[in-house]
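Inspection log for the structure reproduced underneath, given as structure tokens.
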Amino acid sequence: MHAPMLRPASSYQELWSQVDFATLDVPEEFNLGVACADRHDPGTRALTVVAQDRSSRDYTFGELTEQSNRLANALATLGIGRGDIVGVVNPASFETGVCYTALFRMGAVALPLSSLFGPDALSFRLRDAGAKVVIVSAANAPRVREALAGAEVPLLVIGETFERALAAASPEFSPVRTRAEDPAFLIYTSGTTGDPKGALHAHRIVFGHLPAFEAVYEFYPQPDDVLWSPADWAWIAGIMDILVPAWFYGLPVVVDLDPTFTAERSVWLMREFQVTLTLLPATALRMIRAAGLPGGNFSYRAICSGGEALGAELLKWSEDFFDCTVNEGYGQTELNAVIGNCASVFPIRPGSLGRALPGTVIAVLDDAGNPVTGQVGEIAIDRNHPSTMLEYWRNPAATAEKFHNDWLLTGDLGIQDEDGYVWFQARKDDVINSAGYRIGPGEIESSLGAHQAVAMAAVIGVPDARRGQVPKAFVVPRPGVRGDQALADELRAHVRARLAAHEVPREIEFVDDLPRTTTGKIMRRALRGS
């Protein structure tokens, strides 16, 4: 097991100052696929996969390495090499872990894509990224084929051609010598102000996440630590809050093949597999609380929650139910895990995001770009951080707009108090934060606008007791079309078939027109006030 970057501390300053990203000795040559597989005892458990019938199977780091080598060789025969983009459309599983590890090892770039995406969402991302191969589950394959219609992109279908390709490939592979600055994976944002943007991340990203989660997870790794989370490995949280740091330290991860999150099954799984660390968004905690299940009898040392502030009541219930510390965390696809808590070192202030995590420099900037205390401004993070994205894929203008001097601008408004705690206020853009998903209105509006009955559409987030926010659509029907419940149901079905379930508007209001600026842009802020 690698030595941790942090040691226990007695004060926030002692904790924070243990890491200096400006002088951190990140190896010039570094490969995530090697660090997360080769350096561990091949007989050590890497993954436990829980089937829908509650049976389970363990996989070792030796199996991970061998299967990753086979996949790397199989992809090489398809012409994949250093820097090539490969899409992965498969839920968390051994096969998905093999895909990421193989792509890292061969210097290719993984493009994780959610199984919740419909053909429109998949088409934009796959085509924009220029994916040369897609590895996909049999269940997702029809949508991927529709998304790639007319494009000659080979598919490796898990359960079909994927296994045959691996069986025919050699188990021996020499990992490519990548630099820490070389790209490792490409994750698309939610498209809050237009089309989604691809955040390109380097192999070095792990060196920014390690100290952050050593703090949030109360100084892991510990010898008996086991990680599980319902967070999808298609998102930055699933990959970098759970999978990669755990495998870097040789810790086992548990995944559940049941695609539906339920309170009863998740509580059973946590207890059955003696999970000690997890990432649970506020929505999951609310669902567990609402189920009225008995608490206690868990193995938890710490729980991380993110996406929205828990508040004092839910925080207290969670700590009592799981009998452990609950530390909140904050980050973005472009620069993740930057603000959070470590309750054993400094007190939690319920409702805040926490304080800058070890080595991270944060500020709240006023309109002139100056750091301010005690007043609302934009939350910003010093870009000189290993977790900072390399760029927005093929979008230099958007990349430039994301930064102000050495600050990465989050687009979120907040207040930093005199003790350094950050209090989230609002989103500067129009992102909808629903059950831990950051949803951009642009894709939903485009999908609605593609329906023959729709003239215009605008989408905002509205409060929801369980999910925090849910999408609400304002729709202007085409002339002669009646906006009624039947059409609303038809539009919801249309969006569900084209995008993802969490992007389906829970409410559709038909209007005669939409508020717009003089230049024709929709004024969503006016809709939020209606």
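Taking the Cβ of I348 as the centre, find all other residues whose Cβ is under 13 Å away and add up their charges (Lys, Arg: +1; Asp, Glu: -1).
-1
Quick one: check the C-alpha center-to-center distance for region 42-91 versus region 467-490, whole angstrom.
43
Tell me the mean residue ellipticity at 222 nm calculated for the chain from its helices only (DSSP H runs of n ≥ 4, each -39500 (n - 2.57), averaged over every residue, nearest 500).
Calculated at 222 nm, the ellipticity per residue is -8000 deg cm²/dmol.
Charges only on Cβ, +1 for Lys and Arg, -1 for Asp and Glu: so what's the dipole of region 432-528 about the Cα centre, in debye to the nearest 20?
Roughly 340 debye for region 432-528.
First obtain the Kirkwood hydrodynamic radius of region 121-231 from its Cα pairs, then insert it into the Stokes-Einstein equation at 25 °C and 0.890 mPa s, and state the resulting D in µm² per second as a whole number.
Answer from the Stokes-Einstein relation: 139 µm²/s.
Can you tell me, using C-alpha contacts under 8 Å and at least 6 residues apart, the relative contact order of region 432-528 as a whole percent?
29
Take the Cα coordinates of region 276-402, assign each an equal point scatterer, and use the Debye formula without solvent to give log10 I(q)/I(0) at q = 0.11 Å⁻¹.
-0.48
Quote the charge dipole size of the chain about the Cα centre in Debye, to the nearest 20; the model charges only the Cβ of Lys and Arg (+1) and of Asp and Glu (-1).
The dipole magnitude comes to about 1020 debye.
Mean separation of Cα pairs under 8 Å and 6+ residues apart, divided by the residue count of region 66-223: what relative contact order is that in percent?
Relative contact order for region 66-223 comes out at 25 percent.
Farthest toward the dipole's positive end in the chain, which of A121, L15, L227, given Cβ charges of +1 (Lys, Arg) and -1 (Asp, Glu) about the Cα centre?
The residue sitting farthest along the positive end of the dipole is A121.
Counting DSSP beta bridges with both partners in the chain, what percentage is antiparallel, nearest 5?
60
How charged is the neighbourhood of V50? Take every other residue with its Cβ under 11 Å from the Cβ of V50, and add Lys/Arg as +1 and Asp/Glu as -1.
-2
Considering the options V326, N297, G311, tell which one lies farthest towards the positive end of the dipole of region 286-333, charges being +1 on Lys and Arg and -1 on Asp and Glu at the Cβ, about the Cα centre.
The Cα lying farthest towards the positive end belongs to N297.
Which Cα, out of F30, I135, S447, lies furthest along the positive dipole direction of the chain (beta carbon charges, K/R +1, D/E -1)?
S447
How big is the gap, in Å, between the Cα center of region 311-330 and the Cα center of region 214-244?
17
Under 8 Å for C-alpha pairs, at least 6 residues apart: give me the relative contact order for the chain, rounded to a whole percent.
14
How many angstrom lie between the C-alpha centres of region 161-179 and region 388-438?
38
Hey, what does the equivalent ellipsoid look like for region 12-416, semi-axes from the Cα gyration tensor as sqrt of 5 times each eigenvalue, largest first, whole Å?
32, 26, 21
With the Cα gyration tensor of region 432-528 in hand, convert its eigenvalues to equivalent ellipsoid semi-axes via √(5λ) and list them largest first in whole Å.
After scaling each eigenvalue by five and taking roots: 20, 17, 12 Å.
If packing is taken as the average count of other Cβ atoms within 10 Å, what order do 226-236, 121-131, 313-323 fall into, highest mean first?
226-236, 121-131, 313-323
Return L409, L78, L200 ranked ascending by Cβ neighbour count within 10 Å, so the fewest neighbours appear first.
L78, L409, L200
FYI, it's all coordinate maths here, none of it is from the lab. Just so we're clear, the structure is a prediction, and the values are computed from it rather than from any experiment. In this analysis, Cβ positions are derived from the backbone assuming ideal geometry, glycine residues included, and neighbour counts consider all displayed protein chains.
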